[in-house]
1. Filter the stretch 117-146 down to the residues that are farther than 25 Å from residue 47 by Cα and out of contact with any strand residue (DSSP E or B) (no Cβ under 6 Å at 6 or more places or on another chain), then identify the one that is modelled with the lowest pLDDT.
2. Quick check: is even one residue across the stretch 13-31 without any contact (Cβ under 8 Å) to a residue 12 or more places away in the chain, under 23 Å from residue 105 (Cα atoms) and exposed (fewer than 15 other Cβ atoms within 10 Å of the Cβ)?
3. Within the stretch 70-86, track down each residue that is touching a helix residue (DSSP H, G or I) at 6+ places or on another chain (Cβ under 9 Å), outside any helix (DSSP H, G or I) and over 18 Å from residue 18 (Cβ atoms).
4. Among (1) modelled with pLDDT under 95; (2) assigned to a strand (DSSP E or B); (3) under 19 Å from residue 24 (Cβ atoms), there is one condition residue 114 misses while meeting the rest; what is its number?
5. If residue 63 satisfies all but one of (1) surrounded by 15 or more Cβ atoms within 10 Å (Cβ to Cβ); (2) part of a loop (DSSP other than H, G, I, E, B); (3) at pLDDT 95 or above, what's the number of the condition it fails?
6. Among the residues of the stretch 87-111, which ones are in contact with a helix residue (DSSP H, G or I) (Cβ under 8 Å, 6 or more places away or on another chain) and either surrounded by fewer than 16 Cβ atoms within 10 Å (Cβ to Cβ) or more than 22 Å from residue 16 (Cβ to Cβ) (or both)?
7. Given (1) within 30 Å of residue 44 (Cβ to Cβ); (2) part of a helix (DSSP H, G or I), identify the lone condition not met by residue 102.
């Protein structure tokens with residue numbers, strides 16, 4: 001794929017999310033039914049104000065959201081779809097979520113997602129989040145693309 005697919009500009013075209021909920025900074029690679037992306041974790045993210053003031057830790061739900069956004073990018077790349085104002089990708093389920101280590105400001109979160117199944121607009125993904133090569137979180141995600149009015 002060409003390098004422009006990996007830039008923040010392409011991510012902004014493909015995801016409806018914006019600050020403070022956009023959680024993918026760069027796509028590192030897309031190969032077939034797999035994707036690797038990057039999230040730079042910074043202290044100025046709003047959830048760190050209260051989670052936790054004495055020891056900032058990225059909330060698990062935010063890690064799951066980062067994995068889901070990466071999954072959405074993979075689905076749009078593999079299906080050749082660009083989301084518009086009438087499209088949305090929604091969680092349909094989260095299974096086997098496990099959190100193995102805290103994710104803290106200054107970490108680079110590497111998001112690895114693979115399509116397990118795609119049928120009738122419902123996708124199932126295997127997702128991992130790693131920091132410095134160490135597993136931080138993993139889950140199976142189900143998502144669906146829907147048209148909205």
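The values are calculated or read from the model by the stated rules, or taken from the named source; none is laboratory data. What you see is a predicted model; the values in this text were computed from it and never measured. Here the Cβ is made from the backbone with ideal geometry for all residues, glycine too, and neighbour counts use every protein chain on show.
1. If we filter the stretch 117-146 for residues that are farther than 25 Å from residue 47 by Cα, which is where we start, we get 117-126, 144-146.
Checking the rest, the ones that are also out of contact with any strand residue (DSSP E or B) (no Cβ under 6 Å at 6 or more places or on another chain) come to 118-120.
Values: 118: 92, 119: 91, 120: 87.
Checking each candidate, the answer is 120.
2. Our first condition is that a residue be without any contact (Cβ under 8 Å) to a residue 12 or more places away in the chain; within the stretch 13-31, this holds for 18-19, 31.
Checking which are under 23 Å from residue 105 (Cα atoms) leaves us with 18-19.
Narrowing further to those that are exposed (fewer than 15 other Cβ atoms within 10 Å of the Cβ): 18-19.
Yes, some residue in the stretch 13-31 is without any contact (Cβ under 8 Å) to a residue 12 or more places away in the chain, under 23 Å from residue 105 (Cα atoms) and exposed (fewer than 15 other Cβ atoms within 10 Å of the Cβ).
3. If the condition is that a residue be touching a helix residue (DSSP H, G or I) at 6+ places or on another chain (Cβ under 9 Å), outside any helix (DSSP H, G or I) and over 18 Å from residue 18 (Cβ atoms), then 81 is the only one that fits.
4. (1)
5. Single failed check for residue 63: (2).
6. The first filter runs over the stretch 87-111 and keeps only residues in contact with a helix residue (DSSP H, G or I) (Cβ under 8 Å, 6 or more places away or on another chain), leaving 89, 91, 94, 97, 99, 103, 105, 109, 111.
Answer for the stretch 87-111, where residues must be in contact with a helix residue (DSSP H, G or I) (Cβ under 8 Å, 6 or more places away or on another chain) and either surrounded by fewer than 16 Cβ atoms within 10 Å (Cβ to Cβ) or more than 22 Å from residue 16 (Cβ to Cβ) (or both): 91, 97, 99, 103, 105.
7. Among (1) within 30 Å of residue 44 (Cβ to Cβ); (2) part of a helix (DSSP H, G or I), the lone unmet condition for residue 102 is (2).
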